[in-house]
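These notes are about the structure you will find just below.
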Amino acid sequence: MSALLSVEHVGVRFGGLVAIADLHFDVNPGEIVSLIGPNGAGKTTAFNVMTGFLRPSQGEVRFRGTSLAGLPPHEITRLGLARTFQRTSVFPDDTVFDNVMIGLHRQGSLMSRAPLLDTLLGRGGANERRLRERAAALLERVGLAGRSNEKAGSLAYGEQRLVGVALALATEPAMLLLDEPVSGMNASETRVFVRLIRQIRDSGVTLLLVEHDMPLVMDVSDRIVVLNYGRLIAEGPPAAIRADPAVIEAYLGQGSAARHAGAGAREAEHA
Ligand SMILES: Nc1ncnc2c1ncn2[C@@H]1O[C@H](COP(=O)(O)OP(=O)(O)OP(=O)(O)O)[C@@H](O)[C@H]1O
Ligand SMILES: [Mg+2]
């Protein structure tokens, strides 16, 4: 099977710090793959390379056989690779519905000239109606339809993340990258989210997930790629990863206390 996404010997340096070294793995169409590793392992950095927010110092990423080298984020989105961000950013005083509308308008102006053309041709009203229908359908898809008229800032932090998922789905991606999608969600929100992940996959979207929630990762992933200090240390199905000595060492090894402190700091930042 030919890969949908290929990460080919990618390296990233920040000054003297090697954030990623020689990272290489594939994601095949229809898979749910998780990229895991302790805090600071380089997971978000890898996402930033795949989505054009960061140029790698070495190697390249290919998507549907095309090199993404040098492409800006919106071009990569247009090719069918979408992402959510580790930190949510909703407009808290606008409704959930308006947040999606604002996002759709932004995407529209980034990804095509259609909105301007519509305005020039006097089709603005029809376009607006179409966008409102799309926003409603997207909110339905992520389970937020019932919350449409609430202020986004009044949603639980975990629910706010679903707005980001809705906007990523709005680009009609072939592949979706989710960066810690369930952080801040309680157990029942997480269960709902797992169902959503499977629905998204069943709708034909390939998924790459960065997530610290190990029960979720083990449950939902077809394959897992493990990073530690920027290096690939294991790759395989959940059962093999769970039993892999290098993975166990990375999670339980010397840095464990410091990493927990790091996780605490991140929670505080989100609060
Ligand atoms: N813009 C940057 N400038 C300098 N260093 C950076 C930058 N972004 C990330 N780093 C460093 O690169 C390393 C990898 O960071 P990254 O955010 O990719 O880790 P992560 O695996 O996503 O961690 P977490 O699980 O905490 O989100 C860390 O040491 C981090 O401090
Ligand atoms: Mg991260």
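The values are calculated or read from the model by the stated rules, or taken from the named source; none is laboratory data. None of the values given here were measured: they were computed from a predicted structure. Here Cβ is always computed from backbone atoms with ideal geometry, including for glycine, and neighbour counts include all displayed protein chains.
Values for this structure:
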| item | result |
| --- | --- |
| Any hit, the stretch 52-72, residues being within 13 Å of ligand 1 (Cβ to nearest atom), in the same structural domain as ARG231 (by TED's automatic domain parsing) and either in a helix (DSSP H, G or I) or at pLDDT below 90 (or both) | no |
| Among (1) on the phi > 0 side of the Ramachandran plot; (2) surrounded by fewer than 17 Cβ atoms within 10 Å (Cβ to Cβ), the one test that GLY230 misses | (2) |
| Tabulated pairs, the stretch 131-150, first outside any helix (DSSP H, G or I) and at pLDDT below 95, second loosely packed, with under 14 Cβ neighbours inside 10 Å and not polar (S, T, N, Q), C-beta under 9 angstrom, 6+ apart or interchain | GLY143/ARG195 |
| So GLY30, is it in a loop (DSSP other than H, G, I, E, B) and either among the polar types (S, T, N, Q) or surrounded by fewer than 18 Cβ atoms within 10 Å (Cβ to Cβ) (or both) | yes |
| Single condition LEU227 does not satisfy, out of (1) more than 10 Å from ILE36 (Cβ to Cβ); (2) not in a loop (DSSP other than H, G, I, E, B) | (1) |
| Every residue from the stretch 218-248 that is over 27 Å from ARG201 (Cα atoms) and either among the hydroxyl-bearing types (Ser, Thr, Tyr) or outside the structural domain of LEU196 (by TED's automatic domain parsing) (or both) | TYR229 |
| Any hit, the stretch 194-205, residues being surrounded by 15 or more Cβ atoms within 10 Å (Cβ to Cβ), within 16 Å of ligand 2 (Cβ to nearest atom) and within 20 Å of the chain's Cα centre (by Cα) | no |
